[in-house]
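So the structure is just underneath, and the comments pick up after that.
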Amino acid sequence: MSKRTSEAARARIAAQRETLRKQEQRKRITMIVTIAVIAVIAVAFTVWSVRQGSAEEASGNAAPVTVEKDGTVVMANSGVTKPVVDVFEDFQCPACKQFEETSGSTLKNLAAEGKAKVVYHPITIFTEEPTKGNSLRAASAARCITDGRQWLAFHDALYKNQPSETVSGFSADELIKWGKQAGVTAEDFDNCVRQQRNVAAHQQFSAQTMSAQKLSGTPTVKLDGKELDTNVAFAPSSLRDAVEKAGK
């Protein structure tokens, strides 16, 4: 091979290498741009989702919640008076926690859709420690909250963090922390919880409610005054069907 031919071959090889290098560079740039675009889209979607959720809540997608003077809490859209779903619950009751986890969102949705008036009746059914004390501390703390939305968030937090029936739980520090996380800003909330100001009122309410409603345990769920079978109350689709049927 002549010297001139060899130089031409090296030049072609160099040109090919340069072409490959530029192709690889373009691929890397394209990949980086693609990843960046995906990331931007993901962030935008996340922001949109958060705003959308906030907008739905602000527009009244969740039913208003009202804390009554007697300790009951009503969740219903304006003007909705029936059907009425009464929930008799004890914050320390494991079955009540299971009911909340299973059917709690169904009740919230039915209320938001204007298909039911949901009334919570927190009571204490336990007579032995440590369950009795746990229940009383939680219920008394709940009564320290007058804002309905905050009460409902606190209600859900109590079940989420429910202690075992064999240990002392729902300490004042825990209850105050969960209250703040639920949005409670009332200046006297801490003292109200620590001093258990509402224990006496709650105990009286519990005794009266259990007697008047002839309750033997919790949770007891009543639809327009009639107790629902657990197979209905603990089955979201069956619960919805029963409530919607009662509303027709």
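Just a few scattered comments:
- Selection status of V193, under 27 Å from L107 (Cα atoms) and either in the same structural domain as A111 (by TED's automatic domain parsing) or at pLDDT 95 or above (or both): no
- Taking the stretch 109-160 as the range and being β-branched (V, I, T) and open to solvent by less than 30 Å² (accessible area, probe 1.4 Å) as the test, the residues that pass are V118, V119, I123, T124, T131, I145.
- Among the residues of the stretch 203-248, those identified as among the charged types (D, E, K, R) and part of a helix (DSSP H, G or I) are R240, D241, E244, K245.
- Residue match in the stretch 225-233 (condition: in contact (Cβ under 8 Å) with a residue 40 or more places away in the chain and either within 26 Å of T102 (Cα to Cα) or not hydroxyl-bearing (S, T, Y) (or both)): yes
- Residue satisfying condition, being in a helix (DSSP H, G or I) and aliphatic (A, V, I, L, M), within set A200, A186: A200
- Enumeration of residues in the stretch 64-108 that are of a type outside the set (D, E), buried (at least 23 other Cβ atoms within 10 Å of the Cβ) and touching a strand residue (DSSP E or B) at 6+ places or on another chain (Cβ under 7 Å): M75, A76, V85, V87, F88, F91, C96, L107
- In the stretch 164-188, the residues that are crowded, with 18+ Cβ neighbours inside 10 Å and out of contact with any helix residue (DSSP H, G or I) (no Cβ under 6 Å at 6 or more places or on another chain): E174
The values are calculated or read from the model by the stated rules, or taken from the named source; none is laboratory data. Values in this document were obtained by computation on a predicted structure and should not be read as measured data. When we count neighbours, we look across all protein chains shown, and the Cβ atoms used for this are built from the backbone with ideal geometry, even at glycine. These area figures cover heavy atoms from the full protein model, side chains too; ligands, DNA and RNA do not enter into them. Shrake-Rupley method; radii C 1.70, N 1.55, O 1.52, S 1.80 Å.
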